[in-house]
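Asker: First the structure, which I've put down as structure tokens, then a few questions once you've had a look.
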Amino acid sequence: LPDTVLSFPGKVLVDPAGDRLFVADTNHHRIVVADARTGEVLDVAGSGARGFRNGPFTEARFDQPQGMALSADGDTLYVADLGNHSIRALDFSDRSVTLIAGDGTQSPDYPPIAGIAPNVSLSSPWALELSGSILYIAMAGSHQIWLHDLETGLVTPAAGSGREGAIDGPTPDAQLAQPSGLAIDEEASLLYFADSESSTIRVVDLNNQVTALTSGSGDGLFDFGDVDGVGSEARLQHPL
């Protein structure tokens, strides 16, 4: 393949207050920070070599980073380090990368066991969303959504039984299928997610319910397609 500036970038995040665009340059194993208006590269976190190393931006290593979430003050960028099964944090004040949760390897337990960060094993975290001190994690590897309380360090499931499927219901019992994208409506206490393997867009009422919005959740993992329509009449295929 040609040597391009980016390689299979998996996620982007905009910082309107700081006019910054964060790009998960997934196959270059780094995070690129650009001017949101001009595209000029302002900074890069990650040496470009695949690995699992904390430290200065120029020396740190990631393994196929994906989703990101920015702290309210704009000083910390949380990163779902997919291949390392961990959550990392970029500190822009000293240009360093630290470990928030995960040990660099996929959890040997299925589903992973809740605990106190950083001593918690994760499974393919794919996307992040921050609400106050709660960092939501799309845990694609265990077909769940987890939360990380940044104040207490508690890391625990928030939705999904761990069984792969497309079944709505109370958050502990619902079946998800590789959730890979998150977006939160804080005022309504709703967390939307792209449930990739069930080819649906679904929503978690953070008061204890998972519901389908599109593509007929409950129809099964292989009911996908290219059909426009309203709500469950529509058909999608592996939304990320």
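The values are calculated or read from the model by the stated rules, or taken from the named source; none is laboratory data. Keep in mind that this is a model prediction, so the values were computed, not measured. Every residue, glycine as well, gets a Cβ built from its backbone with ideal geometry; the counts of neighbours run over all protein chains shown. What goes into the accessible areas is simple: the full protein's heavy atoms, side chains included, and nothing from ligands, DNA or RNA. Shrake-Rupley method; radii C 1.70, N 1.55, O 1.52, S 1.80 Å.
Asker: Residues that are farther than 17 Å from Arg53 by Cα and touching a residue at least 12 places away in the same chain (Cβ under 8 Å): which strands (runs of 3 or more DSSP E) entirely in the range 65-162 hold 1 or more of them?
Answerer: The strands (runs of 3 or more DSSP E) meeting that bar are 65-70, 76-81, 125-131, 134-139, 144-149, 154-159.
Asker: Just give me the residues in the range 174-183 being surrounded by 20 or more Cβ atoms within 10 Å (Cβ to Cβ), in a strand (DSSP E or B) and hydrophobic (A, V, I, L, M, F, W, C), in sequence order.
Answerer: Matches in the range 174-183: Leu182 only.
Asker: Something else: Which one of the conditions (1) in contact with a Leu (Cβ under 9 Å, 6 or more places away or on another chain); (2) hydrophobic (A, V, I, L, M, F, W, C); (3) open to solvent by less than 70 Å² (accessible area, probe 1.4 Å) does Ala49 fail to meet, given that it meets all the rest?
Answerer: Going through the list (1) in contact with a Leu (Cβ under 9 Å, 6 or more places away or on another chain); (2) hydrophobic (A, V, I, L, M, F, W, C); (3) open to solvent by less than 70 Å² (accessible area, probe 1.4 Å), Ala49 breaks only (1).
Matching residues to (1) small (Gly, Ala, Ser); (2) touching a Ser or Thr at 6+ places or on another chain (Cβ under 6 Å); (3) buried (at least 24 other Cβ atoms within 10 Å of the Cβ):
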site: Val79; (1), (2), (3): no, no, yes
site: Asp94; (1), (2), (3): no, no, no
site: Ile116; (1), (2), (3): no, no, no
site: Ser124; (1), (2), (3): yes, no, no
site: Glu129; (1), (2), (3): no, no, no
site: Gly141; (1), (2), (3): yes, yes, no
site: Leu147; (1), (2), (3): no, no, no
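Asker: In the range 195-231, what residues are open to solvent by less than 10 Å² (accessible area, probe 1.4 Å) and modelled with pLDDT of 90 or more?
Answerer: Listed by number, the residues that qualify are Asp195, Ser196, Ser198, Ser199, Thr200, Arg202, Val204.
Asker: Look through Asp75, Asp91, Asp43 and report the one residue that is over 18 Å from the mean Cα position of the chain (by Cα) and more than 27 Å from Ile145 (Cβ to Cβ).
Answerer: The unique qualifying residue is Asp43.
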